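The values are calculated or read from the model by the stated rules, or taken from the named source; none is laboratory data. Note that this is a predicted model, so its numbers are computed, not measured. When we count neighbours, we look across all protein chains shown, and the Cβ atoms used for this are built from the backbone with ideal geometry, even at glycine.
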């Protein structure tokens with residue numbers, strides 16, 4: 001028996017159903033086109049496991065870096081009263097609109113061995129970043145962190161600031177208030193932002209292939225492997241895409257139960 | 001309309017199919033061409049429009065495999081020029097050509113180094129030097145397959161730092177000075193101007209890359225497409241190709 005309040009009204013149900021169809025049908029297309037008879041052969045092809053492992057590791061590292069730097073940035077954008085805040089907010093979302101390949105070139109200009117910071121790193125410490133696994137993480141962080149920042153800032157703005165005021169009147173300093181009051185309050189927003197960030201990092205292609213290049217084992221991620229497979233064996237590309245999808249969906253569902261499930265009321 | 005179009009080369013008719021009253025070309029010509037042809041084909045298109053003021057030539061320049069896929073999926077193109085015979089075969093296997101493809105140019109691999117050659121690269125054997133930062137194309141794309149044949153012919157075990165997804169991506173990294181050398185096509189070296197120096201590779205003769213073109217069967221402007229192809233294959237077209245670093249087909 002349906003309770004009267006749970007029925008979805010038609011003006012919402014119909015567009016929602018269309019949205020589901022629009023978003024899910026391309027996936028169905030991949031499933032239909034997949035060469036199921038040769039799946040095992042494609043999956044055990046050299047490099048697939050390597051690329052998948054690198055993708056998962058680098059996306060997780062990029063999410064960790066984004067959390068460490070992005071949550072404080074979101075707090076500054078939402079709570080501080082520094083001047084030029086709206087300009088700052090626009091600036092940090094630039095990677096969202098920048099074509100990722102351009103982002104990769106921009107990273108070269110800063111961190112490449114001819115770059116502003118990169119040439120100094122090379123001359124002083126002998127460190128060159130491009131074409132390393134670190135470059136993969138940097139490229140993914142550059143593209144994915146804004147998703148986290150925007151989500152967390154939204155959560156901070158929606159959270160009731162009066163709890164923080166109460167904490168302050170009770171003698172807590174701003175750092176303690178952030179740790180003990182603000183962060184627990186916006187935890188669901190942080191979690192959602194981290195998931196978005198991780199998913200975006202996992203699918204990142206343009207900035208990665210430009211700044212980190214493509215070499216199996218060190219810089220070749222799943223999206224790069226898929227793109228290259230598409231050049232010669234479209235069927236293999238379909239299988240690789242499905243593997244990436246299955247692993248990412250599986251991870252997100254697992255996290256939802258284990259992690260989001262607890263914090264979301 | 002398609003039937004009229006096929007005969008348009010000899011029968012003057014309305015402007016829709018590409019021939020005006022005096023045999024002059026009109027309408028729109030849509031050319032799908034490999035990215036490496038951007039400069040040459042733009043010039044050829046300008047030449048064709050100069051002689052036919054009511055003709056508009058439009059280009060889509062992209063990787064040959066992307067273009068071949070788009071054509072097979074029904075993209076409205078009049079003429080397809082591929083950077084390798086395999087991607088042309090994708091189109092001809094689908095039976096979409098109006099006539100057999102014609103090879104109009106050849107391209108050989110060359111070593112591209114940043115201006116001033118900071119890595120001191122002298123030849124193909126430097127691709128075995130682990131201290132240099134080196135780019136080659138991935139084996140899945142045509143320039144990578146050609147690179148593998150060149151390395152084999154030279155007896156060099158290459159140790160690249162990156163396997164690029166297309167030849168221009170490798171060239172970009174040379175222009176930015178982020179790699180010491182990349183194996184790209186001679187035409188790419190030429191297109192980069194003074195940012196990049198080229199070092200010819202004798203073994204590249206083992207992997208000469210042919211560029212075929214064909215007029216497509218459902219071309220909406222077959223007369224203009226044929227005229228464009230003829231201009232590319234003419235002496236004038238060959239000179240333009242040679243200036244851009246291509247070798248006219250033998």
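Structural remarks
Residues are listed down the side, and each one gets a yes or a no for (1) farther than 30 Å from residue B:226 by Cα; (2) assigned by TED's automatic domain parsing to the domain that holds residue B:192; (3) crowded, with 24+ Cβ neighbours inside 10 Å; (4) over 20 Å from the mean Cα position of the chain (by Cα):
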{"position": "B:83", "(1), (2), (3), (4)": "no, no, yes, no"}
{"position": "B:86", "(1), (2), (3), (4)": "no, no, no, no"}
{"position": "B:94", "(1), (2), (3), (4)": "no, no, no, yes"}
{"position": "B:117", "(1), (2), (3), (4)": "yes, yes, no, yes"}
{"position": "B:121", "(1), (2), (3), (4)": "yes, yes, no, yes"}
{"position": "B:126", "(1), (2), (3), (4)": "yes, yes, no, yes"}
{"position": "B:142", "(1), (2), (3), (4)": "no, yes, yes, no"}
{"position": "B:155", "(1), (2), (3), (4)": "yes, yes, no, yes"}
{"position": "B:170", "(1), (2), (3), (4)": "yes, yes, yes, no"}
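- Matching entry among A:34, A:51 (being within 14 Å of chain B (Cβ to nearest Cβ), in contact (Cβ under 8 Å) with a residue 60 or more places away in the chain and surrounded by 14 or more Cβ atoms within 10 Å (Cβ to Cβ)): A:51
- When residues in region B:238-250 are screened for being in contact with a helix residue (DSSP H, G or I) (Cβ under 6 Å, 6 or more places away or on another chain) and in a helix (DSSP H, G or I), 2 of them pass.
- Counting only helices (runs of 4 or more DSSP H) that sit wholly inside region A:112-213, those with at least 3 residues that are more than 13 Å from chain B (Cβ to nearest Cβ) are A:118-125, A:133-158, A:162-169, A:174-177, A:187-203.
- Selection status of residue A:230, over 25 Å from residue A:68 (Cα atoms), within 16 Å of the chain's Cα centre (by Cα) and either in a helix (DSSP H, G or I) or more than 11 Å from chain B (Cβ to nearest Cβ) (or both): no
- Evaluation of residue A:250 against the conditions (1) in contact with a helix residue (DSSP H, G or I) (Cβ under 8 Å, 6 or more places away or on another chain); (2) surrounded by fewer than 22 Cβ atoms within 10 Å (Cβ to Cβ); (3) more than 8 Å from chain B (Cβ to nearest Cβ) shows that the sole unmet condition is (1).
- Within region B:173-191, the set of residues being within 13 Å of chain A (Cβ to nearest Cβ) and touching a helix residue (DSSP H, G or I) at 6+ places or on another chain (Cβ under 7 Å) comprises B:175, B:176, B:178, B:179, B:182.
- Check on residue A:78, modelled with pLDDT of 95 or more, crowded, with 17+ Cβ neighbours inside 10 Å and assigned to a helix (DSSP H, G or I): no
- The set of residues in region B:121-132 that are out of contact with any strand residue (DSSP E or B) (no Cβ under 9 Å at 6 or more places or on another chain) and under 10 Å from residue B:180 (Cβ atoms) comprises B:129, B:131.
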